[in-house]
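Participant: Below is one structure. I have some questions about it.
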Amino acid sequence: LVTGISLTEPFIDNALATPQSTLCHEKFERIDAHFGGAGDTLSAALAALIADGSELVEAFSEALHYLDHCLDAGFRPGMGQAVPDRLFWAQANDADETPDGDGEDDRLHPLMEPPFNETRH
């Protein structure tokens, strides 16, 4: 049960919890947009990482980081909700450039790495 959520807070705290305890949590900056498909993106990434053999806590963190990048690169194709850009990694022009351009190492799990053919969209 989640209570006390404020839509004016600058950060969103995501928690992985059991009925007995919180296993881990991560905070991300709130993006001022309404997205269609954000939950689908997160659950698909989490399922893929677990199916690939990642531990639950590690998969949770990786899936949240992937979603954060997708939402950060999201776009609004028409008059409706914004759409997460699940192919954000295909936009990098330089192999050394990080997806968010902050110079930090933002490497993703091998399942989330760009394919060998460098597909562009």
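Participant: Filter the range 10-32 down to residues that are charged (D, E, K, R) and over 17 Å from Ser61 (Cβ atoms), then give me how many there are.
Facilitator: Qualifying residue count for the region: 2.
Participant: Tally the residues that are in contact with a helix residue (DSSP H, G or I) (Cβ under 8 Å, 6 or more places away or on another chain) and either outside any helix (DSSP H, G or I) or open to solvent by less than 60 Å² (accessible area, probe 1.4 Å) (or both), restricting the search to the range 31-61.
Facilitator: Summing the residues that are in contact with a helix residue (DSSP H, G or I) (Cβ under 8 Å, 6 or more places away or on another chain) and either outside any helix (DSSP H, G or I) or open to solvent by less than 60 Å² (accessible area, probe 1.4 Å) (or both) in the range 31-61 gives 14.
Participant: Would you point out which residue out of Asp52, Asp72, Asp85, Asp68 is within 14 Å of the chain's Cα centre (by Cα) and over 18 Å from Asp13 (Cα atoms)?
Facilitator: It is Asp85.
Participant: Pairs under 8 Å by beta carbon, first residue on the phi < 0 side of the Ramachandran plot and modelled with pLDDT under 95 in the range 18-36, partner part of a strand (DSSP E or B) and open to solvent by 100 Å² or more (accessible area, probe 1.4 Å), six or more apart or different chains?
Facilitator: Between residues of the range 18-36 that are on the phi < 0 side of the Ramachandran plot and modelled with pLDDT under 95 and residues that are part of a strand (DSSP E or B) and open to solvent by 100 Å² or more (accessible area, probe 1.4 Å), the close pairs are Lys27/Phe11; Phe28/Phe11; Glu29/Phe11; Arg30/Phe11.
Participant: Out of the range 57-91, which residues are of a type in the set (Gly, Ala, Ser) and out of contact with any Cys (no Cβ under 8 Å at 6 or more places or on another chain)?
Facilitator: Passing the criteria: Ala59, Ala63, Ala73, Gly74, Gly78, Gly80, Ala82, Ala90.
The values are calculated or read from the model by the stated rules, or taken from the named source; none is laboratory data. Just so you know, these numbers come straight off a predicted model, no measurement behind them. Cβ sites come from the backbone with ideal geometry, for glycine too, and all protein chains shown count toward neighbours. We work out accessible area using only protein heavy atoms, side chains counted, and drop any ligands, DNA or RNA first. Shrake-Rupley method; radii C 1.70, N 1.55, O 1.52, S 1.80 Å.
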